[in-house]
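Notes follow once the structure below has been shown.
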Amino acid sequence: MPVSTNYQTLEVEQHGELLVIKQNRPDKLNCRNSQMYVELMAALATASSDASVALVVLTGVGKFFSAGMDFANDPAIAYTVQSWDDATTVRIKENLPERQPDDVTTWLPVKFIEAFINFDKPLVGAVNGPAIGEGFTSLLHCDVIYCSETAYFWGPFARAGVAPEFCSTQLLEARLGKSLAAATMYLARRISAQEAKNVGFVVDILPASATFLTDVVELLQEGLALTGPPELRASTLSGFKHLANSNLAKQNLIAQCHAEFNLIRERAVSGETKAVQTYYQSELPS
């Protein structure tokens, strides 16, 4: 059932102890703009504080999970309170640090990634279609991933003139194995759904149909039914997540995130980013 209508870029539904967050910009292939960044941060923060939520699912509306960052984005959106913003979104917007060009810790994308790193409940990726760029690397912070037959995973960072992010320079090898991770990062290797399942990145591949999300929800509810009475499930799973994602591990990931964005900043300042984008005459993969 719908939980909140106060989002411009998301749809949020709750099914028992399970919260579904749908990225909802299908006309833009669910590319993430600044409003979606803040709204996803707000949705995760709300889920974290809601004792009725044991597990969160992230998916997309339409044919794509997410094609990554919206390069046509207006960053000012994140700092402007809109009439539809809920209280949590407003609070996040009002407390964002002023962006300092030479301090990546003040940048909105970094704060967005930190929200994934610090999220304290199990996060499930329901990958309904292609996941590209940060649409792919954000999945590295999911605890369980299901995907449809039409999904693929692609990080063409060098082509966009930027650098790998979402701590992918550290997490790709752990999730994919050294050789496939290196091919993905250095050679923009596109990973099929079957390859992702073969290396354990994806737990299962489901039919690409109108029931994909329903099928994922049913599988998750079957698992939740084995985690004790409903009133204990949120505390049980958040306790498990705390053990699996220690404070030291989170600090290391945040440091890696900052290092990645320092390289992104350096490439932009040096002119490399513009040169690469001019070379390809496109900022998004085709």
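Yes or no, residue by residue, for (1) closer than 23 Å to Q277 by Cα; (2) touching a strand residue (DSSP E or B) at 6+ places or on another chain (Cβ under 6 Å); (3) surrounded by fewer than 24 Cβ atoms within 10 Å (Cβ to Cβ):
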| residue | (1), (2), (3) |
| --- | --- |
| G125 | no, yes, no |
| N128 | no, yes, no |
| A131 | yes, yes, no |
| F136 | yes, yes, no |
| L140 | no, no, yes |
| Y146 | no, yes, no |
| A158 | yes, no, yes |
| A163 | yes, no, yes |
Notebook entry, point to check: Scanning the range 54-89 for residues that are among the aromatic types (F, W, Y) and modelled with pLDDT under 95, which turns out nearest to the chain's Cα centre (by Cα)?
Noted result: F71
Margin query: Can you say whether I92 is modelled with pLDDT of 95 or more and not in a loop (DSSP other than H, G, I, E, B), as far as the supplied structure shows?
Written below: yes
Notebook entry, point to check: Looking only at the range 47-75, which residues are over 19 Å from P109 (Cα atoms), surrounded by fewer than 20 Cβ atoms within 10 Å (Cβ to Cβ) and either free of Cβ contacts under 8 Å to residues at least 60 places away in the same chain or not basic (K, R) (or both)?
Noted result: S48, S49, D50, A51, S52, V61, G62
Next item on the list: Just name the residue that is nearest to E13 (Cα to Cα) out of those in the range 210-229 that are touching a helix residue (DSSP H, G or I) at 6+ places or on another chain (Cβ under 8 Å) and either in contact (Cβ under 8 Å) with a residue 12 or more places away in the chain or loosely packed, with under 13 Cβ neighbours inside 10 Å (or both).
Entry: L224
Item checked: the range 145-195, residues that are closer than 30 Å to T214 by Cβ, under 16 Å from the mean Cα position of the chain (by Cα) and hydrophobic (A, V, I, L, M, F, W, C) -> I145, C147, A151, F153, W154, F166, L171
Next item on the list: State all residues of the range 76-110 that are buried (at least 17 other Cβ atoms within 10 Å of the Cβ), out of contact with any Phe, Trp or Tyr (no Cβ under 8 Å at 6 or more places or on another chain) and charged (D, E, K, R); if no residue qualifies, say none.
Entry: D85
Margin query: Suppose we filter V81, V38 for residues that are assigned to a helix (DSSP H, G or I) and farther than 30 Å from G200 by Cα; which single one remains?
Written below: V38
Next item on the list: Determine whether L224 is in contact with a Pro (Cβ under 9 Å, 6 or more places away or on another chain), under 20 Å from L19 (Cα atoms) and aliphatic (A, V, I, L, M).
Entry: yes
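The values are calculated or read from the model by the stated rules, or taken from the named source; none is laboratory data. What you see is a predicted model, and the numbers here were worked out from it, not measured in a lab. Every residue, glycine among them, receives a Cβ derived from its backbone with ideal geometry; neighbour counts consider all protein chains shown.
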